[in-house]
Amino acid sequence: MEKAIEVEGLVTHYGNREVLKNLSFAIPRGLITVILGGSGCGKSTLLKHLIGLLEPTRGSIRFNGQDITVMKEEELNGIRRKMGVLFQGAALLNSMTLSDNVALPMREHTQLKESTIQIMVRMKLELVDLSGFENLYPSQLSGGMKKRAGLARAMALDPEFLFFDEPSAGLDPVTAAGLDELILKLKDVFKMTIIVVTHELPSVFMIADYVIMLDAGNAIFKGTLDELKASDNTRIRMFLERRPEREAYSQEDHFRIIAGD
Amino acid sequence: MPSIAENFLGHIGRRFIPIRKDIHDASKIINDIFYWTFLSPFKGKPIRFKASISEMVKTGYNAVPIVGIISLFVGIILALQAAYQLKRFGALIYVANLVGVSITRELGPIITAIIVSGRSGSAFAAEIGSMKAAEELDALTSMGINPVRFIVTPKLIALMVMLPVLTVFSDGIGIFGGFMLSITVLELHPYSYFQQTVNALLVKDIITGLIKAWAFAIVITTVGAYQGFKVEGGAEEVGRRTTSAVVASIFLVIVFDLFFTVLFYYFT
C-alpha cells in the first residue's frame, strides 16, 4: 500500500480540552478511506487539520512527504491546489451563480481564458449531472444538488486528494446512494485519493476500501472494510450493530447527579 | 487560602485574558486587511475590480437618497438654530458661515459616516458572519483563496472611494438646505448668502472633512469585518455581532473624529 497522507502523533486542543489524542495513521493512495466515528469523536476536527484549516498542538501531517503543519501560508496554498473539499453544507458562495462558484478556483489559480473556463465549468457540472443549471443560485437548489455542485467545485482543478465531510448528512437514502455512486465513479475514473468523514454505515459499506475509526479522540481501528466487520472490539461492535451506550455510572451516582450534589 | 490581594489580581487576570485574545484577533485582522489591500496588489495578487465596483454601488450609490435627505434636514435645522441666536445681534447673514463651516468640517463627514455605519458596517458583519457560519470562509481558505482578500478588500476599496464622495455630496446638500431656509424663512438675499458662504469656506475645511471620511471608511470596514470574522455559532451570534458592529463603528467614528478635530485644530 502506497501512502498518500501520513499523520503522526497528532494532538489538538479546544481550550484546555484534548480533542485528538496522539493520532497516527496513513491514508493509502488511490483508494477511498473512510474516517468513521460517533458524534463528537473528533472526526470533523481531524478533517479540518488534514485540509490545513486548523493548526495542531503537536504532530505532523505529511502529504507526499511534505509536512503541512510547518508550512507557510504560500506553500500551504500550493498543497491546497491539489485538494478538493466538499463541506457538509456544500459551502457554495451564495452570492454567486453555480457556474461562477465552479469557475472560482480556476479564475483564481490559473491563467486560462474565460471561454476555456466556461467549457471546463460545463464539463464539471456534467460530471455531477447538473448540466443546464449553470445560471442558478445556490439558494434555488435542493440539498442533494447543492452537494453535487459543491463536488463540481471541489473537482475544478482536478485535485489529487478529495475530501468529503459527511456527504450523506441531510440527504434522503436515494440521493445519498447516488452521491456514493458518484464517489466510486470518481475513484475509478480519476484514480483520486478520496477521504470521506462519515458515521453513515450503509455509505461506509458501499464505498470504503480502508477504514480509520475514531473514538473519543483515539484511533481505535485502522484496516480494510473486511477487517472492520471481523473486529471483536466492543466499541466497534456497538457502532456496527447500532447498540446504545449504557450509562457508565451506578444507580447511587445517578441519584446524586439528579439531586444535584 | 488565597489572600484578598491574590483574589483581586486573579480577578484582573481572568478579565484580561479574553481581552488579550480580542486584541490579538483585532490586530491580526487589521494586519491582514492592510496587507491584502495595500501590499499584495504589488506582489501579483490583483484586487477584485468587478467586486469592488459592485460594492461601490451597494455601499455608495444606494446610500445617496438617505444621505441626501438627512443632510438636507440637518442643513435646515442648523440654519434655524443658528438664526435663533444670531438674529438677536442682527447678524443673520452669519448663518451662512456657521452652516458652511460646520457642515464641511464636521457634520457632513460624521453624518455620512454614521449612516454608512448603520447601512454597510452592519451589512459587512452580517454577510461575513453568515458566510462563516455556513463554512463558506473555510471553503475559500481550502481553495487557497484568502477570505480577507476575497471579501474584505473590495469592501474597503469601495468605502474608501465612496465615503469621501458621499461626504462631498452631503456637504453640498447640507449647505443647500441652509440656503433654502435662509432665503425663504429668514428672508436673506440669495446672492449675499452665496457670497458669504464662499468667503467663509476655505479649501482646507473641505479637505480636512475628506481626510476624516477616508479614515472613517477604514474604521467602518475594519470593525464590520472584525465582528463578522468573530462569529462562532449560528444565526443568533450573527445578529449579536451585527449589533456590535454598528455600535462599535459609530463609537470609533466619533473617537477618530475627536482625534482628527484636535489634530486639525492645532496643525492646519
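Residues that are basic (Lys, Arg) and under 21 Å from B:Thr37 (Cα atoms) within region B:225-266 comprise just one, B:Lys230.
Of all the criteria given as (1) more than 14 Å from chain B (Cβ to nearest Cβ); (2) crowded, with 24+ Cβ neighbours inside 10 Å, the one not satisfied by A:Ala152 is (1). With respect to the conditions (1) part of a loop (DSSP other than H, G, I, E, B); (2) modelled with pLDDT of 85 or more, A:Val189 falls short on a single one, namely (1).
In region A:3-113, counting only helices (runs of 4 or more DSSP H) that sit wholly within it, the ones holding 1 or more residues that are among the acidic types (Asp, Glu) span A:73-80, A:98-109. With respect to the conditions (1) of a type in the set (Phe, Trp, Tyr); (2) touching a helix residue (DSSP H, G or I) at 6+ places or on another chain (Cβ under 8 Å); (3) under 29 Å from A:Ile61 (Cα atoms), A:Phe133 falls short on a single one, namely (3).
To keep it simple, each residue is scored yes or no on (1) under 30 Å from A:Ser142 (Cβ atoms); (2) exposed (fewer than 15 other Cβ atoms within 10 Å of the Cβ); (3) facing another protein chain (nearest Cβ under 9 Å).
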site	(1), (2), (3)
A:Leu50	yes, no, no
A:Leu54	no, no, no
A:Leu76	no, no, yes
A:Asn94	yes, yes, yes
A:Asn101	yes, no, no
A:Pro105	yes, no, yes
A:Arg122	yes, no, no
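Within region B:128-146, being surrounded by 22 or more Cβ atoms within 10 Å (Cβ to Cβ) and more than 10 Å from every other protein chain (Cβ to nearest Cβ) holds for B:Ile128, B:Gly129.
Being surrounded by fewer than 24 Cβ atoms within 10 Å (Cβ to Cβ), touching a residue at least 60 places away in the same chain (Cβ under 8 Å) and assigned to a loop (DSSP other than H, G, I, E, B) holds for only one residue in B:Leu210, B:Leu181, B:Leu188, and it is B:Leu188. All told, A:Gln111 meets the bar of being within 12 Å of chain B (Cβ to nearest Cβ) and farther than 23 Å from B:Leu137 by Cβ.
The values are calculated or read from the model by the stated rules, or taken from the named source; none is laboratory data. None of the values given here were measured: they were computed from a predicted structure. Ideal geometry is used to build each Cβ from the backbone, glycine not excepted, and the neighbour counts take in all protein chains shown.
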